[in-house]
Amino acid sequence: MDKIIKVANLFKVDAPVVTAEKYGCGHINDTYKLTDEKGKFYILQKINHKVFRNVKGLMENIVGVTEHIYKQMLSKGMPTEDCLRVIETKDGASYYGDDEVGYFRMYNFVYGGISIESSPTKEQFEVSAIGFGRFQKMLDGYPAETIQDSIPNFHNTVSRFENFEKAVQEDPEDRLCQVMEEVDWFYRRKKYCSQILDLIEEGEIPLRVTHNDTKLNNVLVNIETMTPVAVIDLDTVMKGSILYDFGDSIRSGTNTGAEDEKDLSKVDFSLELYEAYVKGFLSEVKDTLTPTESENLSFGAILMTYECGLRFLTDYLEGDHYFKVHRARHNLDRCRTQIKMVEKMEEHFDEMDAIVKKYL
Ligand code: ADP
Ligand code: GN1
Ligand code: MG
């Protein structure tokens with residue numbers, strides 16, 4: 001941790017940083033919670049440079065978006081002490097580093113809320129939906145042309161499927177024989193991949209500035225006052241469909257088990273939690289949705305779950321280079337929970353649609 005503390009002290013901290021510990025459960029970046037001499041906390045992240053190739057562009061997006069949100073909160077007289085903001089280096093840069101040492105950025109520590117990792121209560125999930133819905137609304141009017149693609153084709157499920165097919169054909173780790181059933185399962189549903197992309201291309205669904213990684217632990221919630229505090233993990237803020245943001249929250253939050261649960265009897269899609277999210281999210285954004293967006297919300301949940309399962313399986317076949325893994329077959333376990341979730345959503349599709357209609 002000495003190296004981390006050294007890096008931390010290159011940033012504009014109030015007092016020298018004295019301790020650092022690994023923090024959070026993200027799959028992508030290395031996150032550290034720091035404490036300075038006066039007991040104040042900060043977050044330092046080593047940005048995963050294999051995943052985010054253009055750190056400069058990525059940080060321009062993040063500074064732009066966090067400052068936009070901060071100014072809106074200020075102008076509305078809302079409390080700003082828990083706004084997520086980038087802390088500059090002592091040289092006035094938004095990040096420190098290069099290809100050799102790695103790339104680091106610092107945020108203020110958001111004290112007022114916590115990440116819920118899985119299985120929220122209905123009330124907690126509704127609050128998370130309000131948080132993501134407000135975030136979406138605050139980005140309405142953000143100059144989309146200034147946003148750079150931090151990961152090109154991030155939610156292009158057709159291109160995700162092509163990557164999957166390549167991994168199946170090349171089978172570099174000789175793992176295909178273990179996952180034939182899963183591979184077939186994804187092939188049988190290949191038609192899902194283009195459904196939303198086609199609507200975007202036909203101009204039926206607008207591109208907005210969206211978060212694109214709205215999993216439950218990426219919104220900090222105050223579980224005492226039951227209020228959303230801050231949306232975090234802004235690496236993937238790009239132009240996208242609001243259906244991706246809605247869908248990914250449903251994927252992660254309506255699961256009665258953990259994303260990597262091995263015992264699939266614990267994994268189920270909760271229609272009650274679905275309703276809680278729809279209620280919270282639509283209370284914020286329903287006036288901005290187009291009819292085609294509203295009609296496709298439930299499908300967006302299926303698509304994001306399918307896509308995430310496909311990505312876990314692709315990474316498993318490729319040798320686990322993308323998502324952090326903590327045990328053998330971790331990505332395969334994650335893939336299997338997503339498969340079960342998609343099957344359950346397919347079973348309940350009509351009820352999901354009825355719930356959306358109820359809150360529109
Ligand atoms: P990853 O891209 O790896 O998911 P995140 O930015 O989501 O990284 O950070 C990982 C975890 O660290 C989050 O889920 C959250 O629990 C915690 N975290 C990140 N930023 C902050 C912050 N500014 N204040 C408090 N907790 C944070
Ligand atoms: C990653 O960064 P994190 O852990 O919030 C991934 C998401 C996946 C998610 C699955 C940049 O999210 O796309 O849906 O894992 N983020 C990136 O848990 O690939
Ligand atoms: Mg995260």
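Name the single residue that is surrounded by the most Cβ atoms within 10 Å (Cβ to Cβ) among those in region 269-291 being of a type in the set (Ser, Thr, Tyr) and either without any contact (Cβ under 8 Å) to a residue 60 or more places away in the chain or in a helix (DSSP H, G or I) (or both).
Here the residue is TYR277.
Can you spot a residue in region 261-268 that is of a type in the set (Gly, Ala, Ser) and buried (at least 21 other Cβ atoms within 10 Å of the Cβ)? Scanning region 261-268 turns up no residue that is of a type in the set (Gly, Ala, Ser) and buried (at least 21 other Cβ atoms within 10 Å of the Cβ). Looking at ILE232, ILE250, just one residue is surrounded by fewer than 24 Cβ atoms within 10 Å (Cβ to Cβ), under 20 Å from PHE154 (Cβ atoms), within 16 Å of ligand 2 (Cβ to nearest atom) and of a type outside the set (Ser, Thr, Tyr), and that residue is ILE232.
Restricting region 302-323 to residues that are assigned to a helix (DSSP H, G or I) and of a type in the set (Asp, Glu), the residue that is nearest to ASN255 (Cα to Cα) is GLU307. Residues of region 211-240 that are touching a strand residue (DSSP E or B) at 6+ places or on another chain (Cβ under 7 Å) and more than 16 Å from ligand 1 (Cβ to nearest atom): LYS239, GLY240. Residues in region 223-238: is at least one at positive phi and touching a residue at least 12 places away in the same chain (Cβ under 8 Å)? For region 223-238, residues at positive phi and touching a residue at least 12 places away in the same chain (Cβ under 8 Å): present.
Of the residues making up region 192-243, those that are among the acidic types (Asp, Glu) and either more than 23 Å from SER298 (Cα to Cα) or not in a loop (DSSP other than H, G, I, E, B) (or both) are ASP198, GLU201, GLU224, ASP233, ASP235. Of the strands (runs of 3 or more DSSP E) lying entirely inside region 1-102, those containing at least 3 residues that are aliphatic (A, V, I, L, M) and within 12 Å of ligand 1 (Cβ to nearest atom) are 41-47. Applying the selection to region 336-360, what residues are closer than 28 Å to GLU181 by Cβ and not in a helix (DSSP H, G or I)? Correct list: HIS348 only.
Selection within region 125-153: residues that are farther than 20 Å from LYS71 by Cα and surrounded by fewer than 20 Cβ atoms within 10 Å (Cβ to Cβ). The member of this set that is farthest from the chain's Cα centre (by Cα) is GLN148. Could you go through region 81-95 and let me know if any residue there is touching a residue at least 24 places away in the same chain (Cβ under 8 Å), outside the structural domain of ILE147 (by TED's automatic domain parsing) and within 16 Å of ligand 2 (Cβ to nearest atom). For region 81-95, residues touching a residue at least 24 places away in the same chain (Cβ under 8 Å), outside the structural domain of ILE147 (by TED's automatic domain parsing) and within 16 Å of ligand 2 (Cβ to nearest atom): present.
Within region 253-266, the set of residues being out of contact with any Asp or Glu (no Cβ under 6 Å at 6 or more places or on another chain) and more than 10 Å from ligand 2 (Cβ to nearest atom) comprises GLY253, THR254, ASN255, GLY257, ALA258, GLU261, ASP263, LEU264, SER265, LYS266. Only one of the listed residues (TYR359, TYR316) is buried (at least 22 other Cβ atoms within 10 Å of the Cβ) and touching a Leu at 6+ places or on another chain (Cβ under 6 Å). That residue is TYR316.
Tell me yes or no: at least one residue of region 56-68 is in contact with a Ser or Thr (Cβ under 7 Å, 6 or more places away or on another chain), in contact (Cβ under 8 Å) with a residue 40 or more places away in the chain and of a type in the set (Val, Ile, Thr). So far as region 56-68 goes, no, none of its residues is in contact with a Ser or Thr (Cβ under 7 Å, 6 or more places away or on another chain), in contact (Cβ under 8 Å) with a residue 40 or more places away in the chain and of a type in the set (Val, Ile, Thr). Assess whether TYR192 counts as being surrounded by 23 or more Cβ atoms within 10 Å (Cβ to Cβ) and either at pLDDT 95 or above or among the hydrophobic types (A, V, I, L, M, F, W, C) (or both). Against the criterion (surrounded by 23 or more Cβ atoms within 10 Å (Cβ to Cβ) and either at pLDDT 95 or above or among the hydrophobic types (A, V, I, L, M, F, W, C) (or both)), TYR192 does not qualify.
Of the residues making up region 185-213, those that are within 12 Å of SER241 (Cβ to Cβ) and within 16 Å of ligand 3 (Cβ to nearest atom) number 3.
For every residue, the table says whether it meets (1) in contact with a helix residue (DSSP H, G or I) (Cβ under 8 Å, 6 or more places away or on another chain); (2) of a type in the set (Phe, Trp, Tyr).
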position: ALA15; (1), (2): no, no
position: GLU21; (1), (2): no, no
position: TYR32; (1), (2): yes, yes
position: ILE43; (1), (2): no, no
position: ILE47; (1), (2): yes, no
position: ARG53; (1), (2): no, no
position: ASP99; (1), (2): no, no
position: PHE104; (1), (2): yes, yes
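Of the candidates PHE135, PHE154, PHE161, PHE186, the single residue that is within 16 Å of ligand 1 (Cβ to nearest atom), of a type in the set (Phe, Trp, Tyr) and touching a Phe, Trp or Tyr at 6+ places or on another chain (Cβ under 9 Å) is PHE154.
The values are calculated or read from the model by the stated rules, or taken from the named source; none is laboratory data. Predicted model, so just to flag it, every value in this text is computed and none were measured. Counting neighbours? That spans all protein chains shown, and the Cβs are built from the backbone with ideal geometry, glycine included.
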